[in-house]
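What follows is a short report on a single structure.
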Ligand SMILES: *[C@@H]1O[C@H](CO)[C@@H](O)[C@H](O)[C@H]1NC(C)=O
Ligand SMILES: *[C@@H]1O[C@H](CO)[C@@H](O)[C@H](O)[C@H]1NC(C)=O
């Protein structure tokens, strides 16, 4: 007889300063397009594109807002969010797209400018666009620091002379090693993509790419020549003081994408970002504003529920995850039928070559690589708890000191692995996860996660099950633990189907 055990874990997280997170479960396209860098042309490398179906090789604000649909969760959001994709280069030289798990999550952090806290936060103006990161960068150059070292305490960044825009831009990148069996790393903790052996050994649930955009604006220009000079980072990347001349505080955009690097465990090869970058120093992302300005300002003013859930903002009109996934853009014919998913051939799409650092990459692809470089590896470190309510790089969301009480754990009759006991709770439909990773150490397998918001708390419920063939009846196991929201939330990406007939 089969025995089914459930471990039901309730995690309570105290939310922090106001924000909302925009889920974009669908991608409108995966293509070599970038209307900011290459208007009217095919772009150098492949991007994963989320948001308005009005996107195109030379899309305008009007194209975005008048489009029929968005692949994000709020229909008033016709913005476009895009970032490079990740490939795996097999030992035989063929490249294969790494699956993206759960679409993209885009945070809108509503932090005031600490230099001028009363000035408030202004909606992005019509036509606003920007780029974060530098596709050509191939090194980490923050003064006096090895990229393998964790960032110094934020309070001394200014004293160390590390609040220049170039430094902040490098600290705005994060590559979070996901392993839901241990305490999560802080966001923006590691500023490079670990190598494959490290990912295989430590990151059982893949890797999360993170990028923070500048949120201080010059108040005048909706774009600039390099798509960066009209904006600047506050001195702690996510929050802090805006530099002189950039006195208008915008919502702080933070993108997250999860890549199922765990599907390649045991295979020889290396991961490479679609722009030919092995280490992640050249990771970057683009944004084109596609909201009605007045509507966005209302949301910025009113959608301050610290849960961060778009469901908790009365102004937003939500759409289902299926609807998000159905929204697709029309790909320009100039792209031909370029294969960008699955095994794509013996080069990255666009024949992008791997370019090693430390000098900057060239835009024109220079031919085959001639050198190899050591990819740095820093060891795991659990994120630290913020001492105030402001969430900053290297930290994780503040959580309650003790867990809340778990609801009655569901039990199951023998012979079934159903988890109906928690079916009443809201369960997001999530992009099917790729290959499940290796079985977890505790012998339990996470089969689903759910979220329940109560006031300022986001409860994440992880349902685990263990299937054994024994003769006794059901037993129930309940435990509590704490996992911070920013990471815990992502457990929702790894919705898996129980392997019901495991032997
Ligand atoms: C892109 O669109 C702008 C504005 O509509 C236009 O001025 C420009 O010529 C277009 N560029 C290309 C390459 O199509
Ligand atoms: C590091 O990268 C920056 C930006 O690409 C570049 O200006 C600098 O020359 C690089 N440093 C070295 C030592 O190559």
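The values are calculated or read from the model by the stated rules, or taken from the named source; none is laboratory data. These numbers were taken from a predicted model, which means no experiment stands behind them. Every residue, glycine among them, receives a Cβ derived from its backbone with ideal geometry; neighbour counts consider all protein chains shown.
Below are the figures for this structure:
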read-out	value
Residue identified as assigned to a helix (DSSP H, G or I) and either touching a strand residue (DSSP E or B) at 6+ places or on another chain (Cβ under 8 Å) or more than 16 Å from ligand 1 (Cβ to nearest atom) (or both) among 64, 105	64
Residue match in the range 226-240 (condition: within 16 Å of ligand 1 (Cβ to nearest atom), modelled with pLDDT of 95 or more, surrounded by fewer than 16 Cβ atoms within 10 Å (Cβ to Cβ) and closer than 21 Å to residue 45 by Cβ)	no
Lone unmet requirement of (1) touching a strand residue (DSSP E or B) at 6+ places or on another chain (Cβ under 7 Å); (2) surrounded by 24 or more Cβ atoms within 10 Å (Cβ to Cβ) for residue 248	(2)
Condition met for residue 164 (within 16 Å of ligand 2 (Cβ to nearest atom), assigned by TED's automatic domain parsing to the domain that holds residue 268 and without any contact (Cβ under 8 Å) to a residue 24 or more places away in the chain)	yes
Pair list, Cβ under 7 Å, 6 or more apart: the range 344-365 residue outside the structural domain of residue 92 (by TED's automatic domain parsing) and part of a loop (DSSP other than H, G, I, E, B), other residue modelled with pLDDT under 90 and surrounded by fewer than 12 Cβ atoms within 10 Å (Cβ to Cβ)	none
Exclusive hit being surrounded by fewer than 21 Cβ atoms within 10 Å (Cβ to Cβ) and farther than 30 Å from residue 64 by Cα, set 96, 185	96
Filter result for residue 266 (in a loop (DSSP other than H, G, I, E, B) and either outside the structural domain of residue 228 (by TED's automatic domain parsing) or away from ligand 2 (no atom under 16 Å from the Cβ) (or both))	yes
Count - residues of the range 330-362 that are more than 16 Å from residue 89 (Cβ to Cβ), out of contact with any helix residue (DSSP H, G or I) (no Cβ under 7 Å at 6 or more places or on another chain) and more than 16 Å from ligand 2 (Cβ to nearest atom)	8
Failed condition for residue 293, given (1) modelled with pLDDT of 95 or more; (2) under 19 Å from residue 108 (Cβ atoms); (3) in contact with a strand residue (DSSP E or B) (Cβ under 7 Å, 6 or more places away or on another chain)	(3)
Selection from the range 67-102 of residues that are over 15 Å from residue 36 (Cα atoms) and within 16 Å of ligand 1 (Cβ to nearest atom)	67
From the options 183, 200, residue that is out of contact with any strand residue (DSSP E or B) (no Cβ under 8 Å at 6 or more places or on another chain) and either assigned to a helix (DSSP H, G or I) or within 16 Å of ligand 2 (Cβ to nearest atom) (or both)	200
